[in-house]
1. If the cut-off is 16 Å between C-alpha atoms, which aspartates and glutamates fall inside it for Lys142, apart from same-chain ones fewer than 8 positions away?
2. At 1.4 Å probe size, what's the solvent-accessible area of Asp57? Round to the nearest 10 Å².
3. 222 nm [θ] for the chain, helices only, -39500 (n - 2.57) per DSSP H run of 4+, per residue, to 500?
4. Among Gly215, Gly187, Gly251, which one shows the biggest mean-square fluctuation in a GNM of the chain, springs joining Cα atoms closer than 10 Å?
5. Over 21 Å, how big is the tail of the calculated P(r) for the stretch 1-117, in percent of all Cα pairs?
6. Restrict the search to the stretch 153-204; then list the trypsin sites (Lys or Arg not before Pro) that DSSP places in a loop and that have at most 13 other Cβ atoms within 10 Å of their Cβ.
7. Expected output is a single nm value to one decimal: the length gained when fully extending between Asp48 and Asp340, i.e. 0.36 nm times separation in residues minus the C-alpha distance. What is it?
8. Of all the accessible heavy-atom surface of the chain, with the other protein chains kept in place and a 1.4 Å probe, what percent is carbon and sulfur?
Amino acid sequence: MSWEANVRKVTPYTAGEQPKGQGVIKLNTNESPYPPAPGVKRVLHEYDADLLRRYPDAGTEPLRSELAAYYDVEKERVFVGVGSDDVLAMAFLTFFNHPSLPILFPDITYSFYDVWAELFRIPYQVQALDDHFRIKEEDYLKPNGGVIIPNPNAPTGELAPAAMFERILRANPDAVVIVDEAYIDFGGESCLRLTDRYENLLVVRTFSKSRALAGLRIGYAFGSPKLISCLQDAKYSFNSYTMNSVTLSAGVEAVRDDAYFREITDKVVATRERSKKELAALGFSFTDSKSNFIFSSHEKYSAKELFEALREHNIYVRHWDKPRIDNYLRISIGTDEEMDALFAFLREYITARGN
Ligand SMILES: *Cc1c(COP(=O)(O)O)cnc(C)c1O
């Protein structure tokens with residue numbers, strides 16, 4: 001007899017390293033290379049700590065209303081959580097509850113999905129991307145207990161058209177379809193407007209990448225009022241006060257400063273497009289990323305070798321020892337200076353080896 005036999009055991013999600021110290025170029029977790037909006041800093045600086053004796057607003061005001069106004073949707077269509085990981089976990093718990101059919105997601109995708117499925121004991125079936133790392137639409141037209149797909153996908157950066165999601169939604173009136181739009185602000189077409197027409201669509205977003213606030217932990221989602229109300233019920237049955245009042249106030253400022261938001265996302269997109277040219281010239285091939293990272297593979301040097309050489313040189317990128325993607329590096333888009341340091345290192349590495 002052992003208590004251990006009755007414990008819920010899970011293999012947790014492994015995030016990218018967070019190296020500390022000077023001189024590190026961190027291109028491994030898709031954070032923003034730019035600081036958050038100036039208003040965020042001001043709110044954090046001026047926050048009246050006396051207010052903290054009160055519980056925060058369980059309905060996540062004032063952030064929920066600010067997001068509703070910014071995206072021009074009714075408040076009843078917005079859900080706010082502690083990072084999109086919290087929103088997604090709550091969505092798995094709420095919507096993926098079919099008695100027998102598995103949920104479907106790509107074989108190469110955000111590696112948290114199978115972790116939540118295991119944690120909540122949701123049966124799942126992965127669907128292989130094609131050889132160009134594209135979603136095969138037909139895989140999601142069969143009976144299922146739910147669908148979740150990131151758009152653009154991670155770690156490939158591949159964008160699928162909103163029309164594909166519309167066809168998947170039409171084929172799945174009995175299941176909830178989740179589109180994880182963590183990277184949509186870097187140039188993709190959002191499925192947000194489809195939530196008006198498809199009651200079973202949940203679109204999930206985050207402040208962690210495009211709004212430069214990974215450390216604050218804010219995620220949100222759009223859906224029909226009915227869908228969002230189911231999500232709220234599950235959240236209130238789990239932990240009503242997930243978001244603290246400081247974060248709720250600071251998040252509002254990040255949404256209000258639209259000019260700053262556009263400025264930093266435009267800069268990331270410009271650096272990404274320039275980086276594609278530099279990487280191509282160095283002998284890399286990659287998917288046509290519409291995100292803030294590039295998923296690339298070199299014609300001559302293995303991803304593992306390059307990953308280790310870069311790391312040795314204090315340049316951190318992401319590499320997975322997983323089938324089909326073990327020869328790829330996922331390189332987050334940094335500032336122009338950081339990217340130039342990366343290219344300079346790679347150029348020297350390649351030249352030194354006579355190519
Ligand atoms: C980064 C990421 C998330 C999680 O972001 P949070 O920091 O929890 O908001 C969710 N989905 C995908 C695909 C991501 O890349």
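1. Glu166, Asp174
2. 70
3. -10500 deg cm²/dmol
4. Per the Cα network of the chain with a 10 Å cutoff, Gly215 tops the list.
5. On the way: 4431 of 6786 pairs.
Value for the stretch 1-117 (Cα pairs over 21 Å): 65 percent.
6. Numbers: sites: Arg167, Arg170, Arg193, Arg197; in loops: Arg197.
Here the sparse-neighbourhood loop sites are Arg197.
7. On the way: separation 292, 0.36 × 292 = 105.12 nm, distance 4.19 nm.
The span from Asp48 to Asp340 would gain 100.9 nm if fully extended.
8. After summing per-atom areas, the C and S share lands at 50 percent.
The values are calculated or read from the model by the stated rules, or taken from the named source; none is laboratory data. The structure presented is a predicted model; accordingly, all values stated were derived computationally and were not measured. Cβ coordinates were reconstructed from backbone atoms using ideal geometry, including for glycine residues, and neighbour counts include every protein chain displayed. Remember, those area values only see protein heavy atoms, side chains included, never the ligands or the DNA or RNA. Shrake-Rupley method; radii C 1.70, N 1.55, O 1.52, S 1.80 Å.
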